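Each value in this text was obtained by applying a stated rule to the coordinates, not by laboratory testing. Note that the structure is a prediction, hence the values are computed from the model and not measured. Here the Cβ positions follow ideal geometry from the backbone for every residue, glycine too, while neighbour counts run over all protein chains shown.
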Amino acid sequence: MVAKAEDKTGATRVQQKLCFVITPIGPALSGERRSTDGLLNSVIRPTVEQMGYAVQASHDISAPGSITRQVIERLLSDPLVIANLTGLNPNVMYELAVRHAARLPVVVLAEEVTRLPFDVADERTLFFRNDMAGVQELGPKLHDAVSAAVQDAAPDNPVYRAAESKVLKAISPPRDFEQYLLSRLERMEELFHRFEYKLGDITRYARVSPAFVSYLIVAEGTHDDLDEFVKEATTLQGFQEGTFELQEKRVEMHYTYRQPVPMAVLMNLAAAHKCRLIEVKEVERGPTTG
């Protein structure tokens, strides 16, 4: 998609190519919004605009109509998309999947502390440090990544790797394949809305502010993967203490945190270490502090 405008004579003139940025936004004046706007204004816009693109994120859209529809249209048509996966925001992950289904150029960014889910962990990602030096380091890397992405005639991503698998090759008529992708996107949207609803419940639940929450966490995997999972679980925010029993392919952890740990966090952590969560059970909750 190319941006167009009319001059004073009414003639249409071609402006810049469009680059859409999918990113966590957060409420106005929040730390998340401040980080997002800092990344956009200090790195993404200066770098990509020099390459001939007009840069816009979803919270920049001012045209009337459905924001969701406009975002999807941009994901399916813009020549370039930049995805900021910092914080693993559900909206961003869904929008990245839509872009992957379109098989168009996308450049993925994430702050260094981000632990990517296993299904995108192997994708090319520019990790950056959220400080002044990080801004200077990211600019040239982003420039090179954009150049490489737009020159790639057949972008590789998890959706199309799956499409080329033996299972999907069995779908012979081309129309059936298109219908399959549409049905999968509809299913992803349904699951996203369910997750968003559950995430709202988790947020309301977390406002109780317990003095501590103790969990029984059971997972399966290889001995080495489980060992890494056990160690990483102690680095989650609010960890206080815990014990674990590690067997050959199974671990039982009794860990205590200062606040509830969202299920999605534990699931992502387990998946990142190729482990499978069997059970997560709250066994004790301390008195509220207010």
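General remarks:
- Couplings 3J(HN,Hα) of the stretch 104-112, computed from phi: 10, x, 9, 10, 9, 10, 6, 5, 3 Hz, in residue order, whole Hz [Karplus 6.51 cos²θ - 1.76 cosθ + 1.60, θ = phi - 60°; x for Gly and Pro].
- For the stretch 2-156, the relative contact order comes to 22 percent (Cα pairs under 8 Å, sequence separation of at least 6).
- For the stretch 210-285, the relative contact order comes to 50 percent (Cα pairs under 8 Å, sequence separation of at least 6).
- Under 5 Å, built H, 5+ apart or other chain: amide partners of Thr86: Glu111
- The stretch 23-84: translational diffusion in µm²/s, Stokes-Einstein, Kirkwood Rh over Cα pairs, 37 °C, 0.692 mPa s: 259
- Three-way shape call for the stretch 2-156 based on the alpha-carbon gyration tensor, with the a/c threshold at 1.5: rounded
- Contact order normalised by residue count of the stretch 19-68, Cα under 8 Å, 6+ apart, percent: 43
- Loop-located trypsin sites (Lys or Arg not before Pro) in the stretch 79-146 (DSSP state not H, G, I, E or B) with no more than 13 neighbouring Cβ atoms inside 10 Å: Arg124, Arg129.
- The phi torsions of the stretch 222-231, fed into the Karplus equation with coefficients 6.51, -1.76 and 1.60 and a -60° offset, translate into couplings of 6, 4, 5, 5, 5, 4, 5, 4, 4, 5 Hz, rounded to whole numbers, with Gly and Pro shown as x.
- Amide H contacts of Ala57: Val21, each under 5 Å away and 5 or more positions distant or on a separate chain (H built 1.01 Å from N in the peptide plane; Pro and chain starts excluded).
- The order of the peptides 251-257, 68-74 by mean Cβ neighbours within 10 Å, most packed first, is 251-257, 68-74.
- 3J(HN,Hα) along the stretch 34-41, derived from phi through the Karplus expression 6.51 cos²θ - 1.76 cosθ + 1.60 where θ = phi - 60°, amounts to 4, 5, 4, 5, x, 5, 5, 7 Hz, with x in place of Gly and Pro.
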